[in-house]
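Shown next, in structure tokens, is the structure this report addresses.
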Amino acid sequence: MSRDDDELPPPSRCRPTDELPPLLEFRDGSPVETAADWRERRAELRRSLRHYVYGYAPDPPEIETATERTADVLDGAATLVETEIAFAALPADAPSITLAVFLPSDAVDAGRSVPVLLGLNWRGNHAAVDDPAVTITDTAREHGGRGDGAAERGVAADYWCVDQILSRGYGFATYQLADVDPDSGDPADGIRPYYDDDLPGPPGTEWGVLAAWAWGLQRCVDALRPMEAVRAGEIAVLGHSRCGKAALLAGATDERVGLVAPHQSGTGGTALDRDNDQEGIGDITGMFPGWFADTYAAFDGQVDRLPVDSHSLAALVAPRPLIDTAGARDYWTNPGRALDAVRAAEPVWELLGAEGIGDDLPLYGDDAIGDETVGSLCHYRRETGHTLNEGYLDAVLDFADVHFDGG
Ligand code: GTR
């Protein structure tokens, strides 16, 4: 187990607040000039992000997948596969993840594998489509959170637009965040207490809720990759708001993820902490004290001392495709500072030989997303407030069409 992080020096005030910590420079000041250098720099940044912001998650555990079943849903358009993901080393009463995978039935019938959008949901798998075949995942309700069992069936149908995803030739996979952590504010809830003794960082850097949800998404990737109907290299992670933060973290820190699509992820997601006049570090750690490692809150009021920022997290995705989607009227998530982060990360894509974000930005509304208009980085907006809808999903699928072999 690496304890390298004990050796990280304390953050030091070295740059004015309007500058971002450099990406293509090692902590000791030496330049990052080659793809091989970047591998090392990437590891350094990943450690810093875990150390100062999100906390250290446990190493990937051995998973046990069980109780898989299939059913026809959405009037036969989709084949539903539900898989229970349990953790071999944990006691039987420990949390498990119920992963629901909706596959286009025509592809399943023809024996074709498909790319998959893996989304993190907070209202329950059964909220994503209105179909009695979907198991009600109501862990949030048990913990007094959001979600209301059967009454919630299909309530997020216009949000996830599963039928639209399937009609584009993609599968949709999802788990409810409460399976891993119910977001109750009580650190004794969820999966984290089971790993208290297995965390690789020093005290104060234990994983927060966002890292736990991200870890859950990565366990879903473990379970999805061996599935015959899934193209293992074409799994995209997606999430909105707090789920967007977790999706970005999951995709950035797991190179098996083929495409990363944080939506309106804001502070703790793509929006920079520096010069962010919307949700500050004090706001988010005050409102959601469990979401981050304890170290992060200490940077409230002295953000210029934070050795990383959201551009560092975005850069971990390179050279894989990243689409950041934002609502033009969703001020709290600060779309401007999200775009700045993506722009600041662009040199890493370029160093690795991938096409960056280009000049015509941001892409808006009906702007075409295709081979001619996007590289491996994209920032896209629609005229909305804080929501996910079919317009955003179309943009993500258009972007995925560019980068995946075919939807
Ligand atoms: C807000 C929070 C955001 C975002 C959002 C959500 O209150 O300030 O950072 O996480 O909640 O997830 O709904």
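The values are calculated or read from the model by the stated rules, or taken from the named source; none is laboratory data. The shown structure was predicted, so the numbers you read here are calculated from the model rather than taken from an experiment. When we count neighbours, we look across all protein chains shown, and the Cβ atoms used for this are built from the backbone with ideal geometry, even at glycine. Please note that ligands, DNA and RNA were not included when accessible areas were found on the heavy atoms of the full protein model with its side chains. Shrake-Rupley method; radii C 1.70, N 1.55, O 1.52, S 1.80 Å.
Structural remarks
- The residues listed here are G201, G169, G119, G145; of these, the one that is assigned to a loop (DSSP other than H, G, I, E, B), modelled with pLDDT of 95 or more and not aromatic (F, W, Y) is G169.
- Filtered by the rule that a residue be surrounded by fewer than 18 Cβ atoms within 10 Å (Cβ to Cβ) and either within 11 Å of the ligand (Cβ to nearest atom) or closer than 15 Å to W332 by Cβ (or both), region 274-305 gives D277, Q278, G280, G282, D283, G286, M287, F288.
- In region 179-209, the residues that are open to solvent by 50 Å² or more (accessible area, probe 1.4 Å) and either farther than 20 Å from I284 by Cα or of a type in the set (D, E) (or both): D186, A188, Y194, D196, D197, D198, P203, E206
- When the test is whether a residue is part of a helix (DSSP H, G or I), on the phi < 0 side of the Ramachandran plot and open to solvent by less than 10 Å² (accessible area, probe 1.4 Å), A236 does not pass it.
- Region 324-368, residues that are among the hydroxyl-bearing types (S, T, Y) and either away from the ligand (no atom under 16 Å from the Cβ) or surrounded by fewer than 21 Cβ atoms within 10 Å (Cβ to Cβ) (or both): Y331, Y364
- Complete set of residues in region 241-272 that are within 11 Å of the ligand (Cβ to nearest atom) and of a type in the set (A, V, I, L, M, F, W, C): C243, A246, A271
Conditions tested, residue by residue: (1) at pLDDT 95 or above; (2) of a type in the set (S, T, Y); (3) under 23 Å from L393 (Cβ atoms).
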| position | (1), (2), (3) |
| --- | --- |
| P321 | yes, no, yes |
| T333 | yes, yes, yes |
| A338 | yes, no, yes |
| V348 | yes, no, no |
| A354 | yes, no, no |
| I357 | no, no, yes |
| L361 | no, no, yes |
| D366 | no, no, yes |
| C378 | yes, no, yes |
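- Selected residue (criterion: nearest to the ligand (Cβ to nearest atom)) from residues of region 369-400 that are touching a residue at least 40 places away in the same chain (Cβ under 8 Å), open to solvent by less than 20 Å² (accessible area, probe 1.4 Å) and assigned to a helix (DSSP H, G or I): Y392
- When A212, A188 are checked against the criterion of being in contact (Cβ under 8 Å) with a residue 40 or more places away in the chain and hydrophobic (A, V, I, L, M, F, W, C), a single residue qualifies: A212.
Yes/no per residue for (1) of a type in the set (S, T, Y); (2) within 16 Å of the ligand (Cβ to nearest atom):
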position	(1), (2)
A133	no, no
T137	yes, no
Y159	yes, yes
R168	no, no
L177	no, yes
P187	no, no
D196	no, no
A214	no, yes
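- Count of residues meeting criterion [out of contact with any strand residue (DSSP E or B) (no Cβ under 6 Å at 6 or more places or on another chain), touching a residue at least 40 places away in the same chain (Cβ under 8 Å) and charged (D, E, K, R)] in region 54-110: 2
- Every listed requirement among (1) of a type outside the set (G, A, S); (2) over 30 Å from D394 (Cα atoms); (3) under 18 Å from the mean Cα position of the chain (by Cα) is met by I281 save one, (3).
- Residue list for region 153-162, filter: assigned to a helix (DSSP H, G or I), buried (at least 21 other Cβ atoms within 10 Å of the Cβ) and without any contact (Cβ under 8 Å) to a residue 40 or more places away in the chain: none
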